[in-house]
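**Student:** Take a look at the following structure, please.
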Amino acid sequence: MKQKKGFDIGNAVIKRGTGIAMILILLILGLRAPLFFSPENIMTVLKQSGVLVMTALSITTVLIVGGFDMGAGALVQLTCNIAAGLIISGVNPALTWGAGLGIGLVMGLINAILVVFVKIPTFVTTLGTMYLMTGMTALYNGGSALTFELIVNFNMMGQGEILGFPIIFLIVLLFCIALNFFFKHTRTGLRMYACGENKNAADIHGIDKRKLMILGYVISGALLGFTGVLQCSYNYGASAVDYGMDFLIRALASAYLGSTFSKTAELSMFGTMISGVFIAALSNAMVINGFSNQIVSGVLGSVLILSILLTVIKKREIGQVTIF
Amino acid sequence: MEKRLEEKRMLCPDRILDFVRNYGAVVGILLLLIIFQCIDHRVLRLANIWGVLRNNTFLIMMAMGMTLVMSVRGIDLSVAQVADAAGVLTAFLILNGTSAVAAVGAGLGLGLIVGVVNAVLMAYLGVPALIGTLGMMYVVRSFELVLTNGAQPQMLFTLNHSITGFFLNIGQGDVAGIPNVLIICVIAIIIIYLIKERSLIGRHMDALCGNVRASFLSGINVRKTFAITFVLSSFLAAMAGLMITARAGGATPRAVESYLNDCFVAVYVGTLLSKDRKFNVIGTVVGCLFVGFMSNFFTLQGIGNGTKQLFNGFFIIAAVALGTLRAKKK
């Protein structure tokens, strides 16, 4: 009997562990530097998390269908650079949103074609297109940052506020709700989940995996393209530093950390969003506490490893062990 | 009549496709070399070839480790970072007064430690290799940045030669005109080749690649085999890092990271040289030389990094697409 009780406690920790740990970590860091809890700083965190959460949402889309995307960060950077370049050359800023979406869509489609029709494994495909995109970015900006002065209407999206809430966060929230509805309440979305969870079972049930895979990559590509323009609006331009991998690791960590909220380690949009905000808050809290930026990357790496470890443990518990 | 039939057979798309499948890669590599030579006559000069060989030894060391891991369906994204960190750590220790031998030991030890952590995570805890090693890459990066206080270059050539002589000799010295790095690399190639193709562990790796479940049922210690590849890969990467540092006479944190791209291209191009598009050591070495000549050509022509990245992406996709073409035939 006693044993069973102990087991229950362990179970509860595994079930709610992620949330408890998140709150504890932020509390400890926040108590050391009370500035962290000021309303202004909380709004700053929400603003900082915008681009990260958008990237994480798009990568979750691909992960749900059972794909993978190494090039998510690179695509964000490419569209960010192109949007900045277009604005500098005098194109109407409103049109850049279309350009970003279009480029993202095309890149998503290319990924999908390579994965579905040429049958290259998802990792290799996206690794290849990642290098293609970083190469294009480097050629496009010629190694220098593309920056511009404040354009009120355009930078509104990334930097503006409504009733104290950052607009970028509201946009992200909107996307999150829409994606959540799509994946949890429409037939196509549920089928995409089924594809990612168990390919063979989905096959037997007559689900056309190829169509859903294409759809997943295209949606994710378009979202990433949009995210790039959002990043441009948030940053007043594009940086020439290659931050594709940094974006990727943050997004992946958010997605997998988000999946540990659920009992069966299922990926979910809201989980991703909460974890994304947590990761932004963690970076923010660590910097406020005086930790150097160099440690932050190590902490992010550890968070990624720990969250995937938790996912694996949970999956093992329900009998879905997937080792290599 | 017969002649016409034969002609038909010659031109039928199946045969052309067959040819592309079987010899396309080799012909393509040779063609590229010839094109390079036509554009720039310096490419195939003896001095240049010698230089490419010598500078490629580092890549070969790293890519061989990657090949081992990928041959059991794993992946190690942390190789370049481990090489980086091992070099930086060794240089840092020598600068702070540790003897060169101990510093080399520490560098190699770092490789072993990361390898063991990787092995435990991926093989025994069951973390997907792709994500686990990506996380490790960032942990290692953080370590070396903190160690050097934010990416300060560790210059060894400023020290007295009596202190650094032993270490720098690894990278800059030669025996009878053959550079030390080349000798180390050739020995490593032979050892790794023997491990992969002629030893029990190598056979187990092949079995794992074919069918994990079946090899488990036939009594192979699946986890151990998987773990060994990670340890070997990190150790080789650490060796490569030491060689680079010794050759350059200093280490700059994050300078070696870009080797990861070249590693991937080399390994995937290497699969084309095997009959059933498996990851193999000799193929990887050839792939490394291919990457080496390509980078060399780009440098000679003054073409920037952007174009090189574009080609890297193209080659990875093309190599694997060719491989799938060949697989479809079966």
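**Student:** Under a Cβ-Cβ cut-off of 13 Å, what is the net charge of the residues other than B:V231 that fall near it, where Lys and Arg count +1 and Asp and Glu count -1? Don't jump to the answer; show the numbers that get you there.
**Tutor:** On the way: positive: B:R223, B:K224; negative: B:D76.
The answer is +1.
**Student:** Pull up all non-local amide H partners of A:E161: gap of 5 or more, or a different chain, and H-to-H distance under 5 Å with H placed in the peptide plane.
**Tutor:** A:I167
**Student:** Moving on to the next point. For the protein assembly as shown, what does -39500 (n - 2.57) per DSSP helix run (n ≥ 4), summed and divided by total residues, give at 222 nm, in deg cm²/dmol to the nearest 500?
**Tutor:** Computed ellipticity for the protein assembly as shown at 222 nm equals -26000 deg cm²/dmol.
**Student:** Evaluate E = 1/(1 + (r/R0)^6) for B:M155 and B:L31, where r is the Cβ-Cβ distance and R0 equals 30 Å; express this FRET efficiency to the nearest 0.05.
**Tutor:** That gives a FRET efficiency of 0.10.
**Student:** Given the options A:G17, A:G71, A:G221, which has the most mean-square fluctuation in a GNM of chain A, springs set between C-alpha atoms less than 10 angstrom apart?
**Tutor:** A:G17
**Student:** How many times 2.2 N^0.38 Å is the alpha carbon radius of gyration of chain B?
**Tutor:** Compactness ratio reported: 1.08.
**Student:** Give the peptides B:176-184, A:112-120 in descending order of average Cβ contacts within 10 Å, highest first.
**Tutor:** By packing density, highest mean first, the sequence is A:112-120, B:176-184.
**Student:** Residue-wise, which Karplus ³J(HN,Hα) couplings in Hz belong to region A:225-242, taking 6.51 cos²θ - 1.76 cosθ + 1.60, θ = phi - 60°, and x for glycine or proline?
**Tutor:** These are the phi-based 3J(HN,Hα) values: x, 4, 4, x, 5, 4, 4, 4, 5, 6, 9, 6, x, 10, 8, 8, 5, 7 Hz.
**Student:** Take every residue in peptide B:315-323, count the Cβ atoms of other chains within 10 Å of its Cβ, and give the average of those counts. Walk me through the numbers on the way to the answer.
**Tutor:** On the way: counts 2, 9, 11, 1, 3, 9, 7, 0, 3.
Average neighbour count from other chains, rounded to a whole number: 5.
**Student:** Oh, and also: So for region A:248-316, averaging the separation of alpha carbon pairs under 8 Å that are six or more residues apart and normalising by length, what relative contact order in percent results?
**Tutor:** 42 percent
**Student:** Taking the highest mean first, how do the peptides B:217-226, A:257-266 order by number of other beta carbon atoms within 10 angstrom per residue?
**Tutor:** A:257-266, B:217-226
**Student:** Per residue of A:137-149, what is the mean number of Cβ atoms on other protein chains within 10 angstrom of that residue's Cβ? Display every interim value, and only then the final one.
**Tutor:** On the way: counts 2, 7, 6, 1, 1, 2, 3, 0, 0, 0, 0, 0, 0.
Averaged over the peptide's residues, the number is 2.
**Student:** Neighbouring Cβ atoms within 10 Å as the yardstick, rank B:S99, A:S49 fewest first.
**Tutor:** The fewest-first ordering by Cβ neighbours comes to B:S99, A:S49.
**Student:** Rank the residues B:W50, A:W97 as a footprinting-exposure proxy: fewest other Cβ atoms within 10 Å of their Cβ go first.
**Tutor:** B:W50, A:W97
**Student:** Enumerate the calculated ³J(HN,Hα) couplings along region A:205-216 in order (Karplus 6.51 cos²θ - 1.76 cosθ + 1.60, θ = phi - 60°), each rounded to whole Hz, writing x wherever the residue is Gly or Pro.
**Tutor:** 7, x, 8, 7, 5, 5, 4, 5, 4, 4, 4, x
**Student:** Additional query: Whole-Hz Karplus ³J(HN,Hα) for region A:62-69, in order, using 6.51 cos²θ - 1.76 cosθ + 1.60 and θ = phi - 60°, x for Gly and Pro?
**Tutor:** 5, 5, 4, 6, x, x, 8, 9
**Student:** Going down the table (A:K184/A:K314; B:K224/B:K275; B:K196/B:K278), which pairs top 18 Å between alpha carbons?
**Tutor:** Result: A:K184/A:K314; B:K224/B:K275 exceed 18 Å.
**Student:** Give the relative contact order (percent, whole number) for region B:57-257; include only Cα pairs under 8 Å separated by 6+ residues.
**Tutor:** Computed over region B:57-257, the figure is 46 percent.
**Student:** Still on this structure, I have one more. What residue among B:R42, B:R277, B:R54 shows peak mean-square fluctuation when chain B is described by a Gaussian network model with Cα springs under 10 Å?
**Tutor:** Answer for the Gaussian network model of chain B: B:R42.
**Student:** If you don't mind, another one. Let me check against my output: what whole-number percent is the relative contact order of region A:33-242, with C-alpha pairs under 8 Å and at least 6 apart?
**Tutor:** The normalised contact order for region A:33-242 reaches 42 percent.
**Student:** Each label point is 7 Å from the Cα along the Cα-to-Cβ direction; what then is the distance between the points at A:A145 and A:V106, in nm?
**Tutor:** Using points 7 Å along Cα→Cβ, the separation is 2.8 nm.
**Student:** Okay, moving on. Take region A:101-155, compute every pairwise Cα distance, and split them into 5 Å bins from 0; I just need the percent in each bin.
**Tutor:** 4, 16, 18, 18, 16, 12, 8, 6, 3, 0
**Student:** With r as the distance between the Cβ atoms of A:H185 and A:N92 and R0 = 56 Å, compute the FRET efficiency 1/(1 + (r/R0)^6) and round to 0.05.
**Tutor:** Step by step, r from the Cβ atoms, then E = 0.95.
**Student:** Could I ask something else about it? Within 10 Å of each residue's Cβ, count the other Cβ atoms and sort B:C209, B:C185 from fewest upward. Walk me through the numbers before you get to the answer.
**Tutor:** Numbers: B:C209 15, B:C185 25.
By the 10 Å Cβ count, ascending, the order reads B:C209, B:C185.
**Student:** Residues with amide H under 5 Å of A:T147's amide H, sequence separation 5 or more or different chain, H placed in the peptide plane at 1.01 Å from N; which?
**Tutor:** A:A238
**Student:** Rounded to two decimals, what is Rg over Rh for chain A when you use alpha-carbon atoms and the Kirkwood radius?
**Tutor:** 0.98
**Student:** Out of residues 5 or more away from B:G250 or on other chains, whose amide H comes under 5 Å of its own, with H placed 1.01 Å from N in the peptide plane?
**Tutor:** B:L156
**Student:** Cα centroid distance between region B:117-154 and region B:206-255, in Å?
**Tutor:** Answer, in whole Å: 14.
**Student:** Largest first and in whole Å, give the semi-axes of the protein assembly as shown's equivalent ellipsoid, each being the square root of 5 times a Cα gyration tensor eigenvalue.
**Tutor:** 38, 32, 28
**Student:** If you don't mind, another one. How many Cβ atoms of partner chains, on average, are near each residue of A:249-257 if near means within 10 Å of its Cβ? Kindly include the intermediate steps, with their values, before the conclusion.
**Tutor:** Values: counts 5, 1, 0, 4, 4, 0, 1, 3, 0.
Across the residues of A:249-257, the mean count of other-chain Cβ atoms within 10 Å is 2.
**Student:** I want to verify a result. In a Gaussian network model of chain A, Cα cutoff 10 Å, which of these has the top mean-square fluctuation: A:N81, A:N41, A:N111?
**Tutor:** Fluctuation is largest for A:N41.
Every read-out reported here was derived from the displayed coordinates using simple, explicitly stated rules and does not represent laboratory data. Small disclaimer: the values here were computed from a predicted structure and weren't measured. Cβ sites come from the backbone with ideal geometry, for glycine too, and all protein chains shown count toward neighbours.
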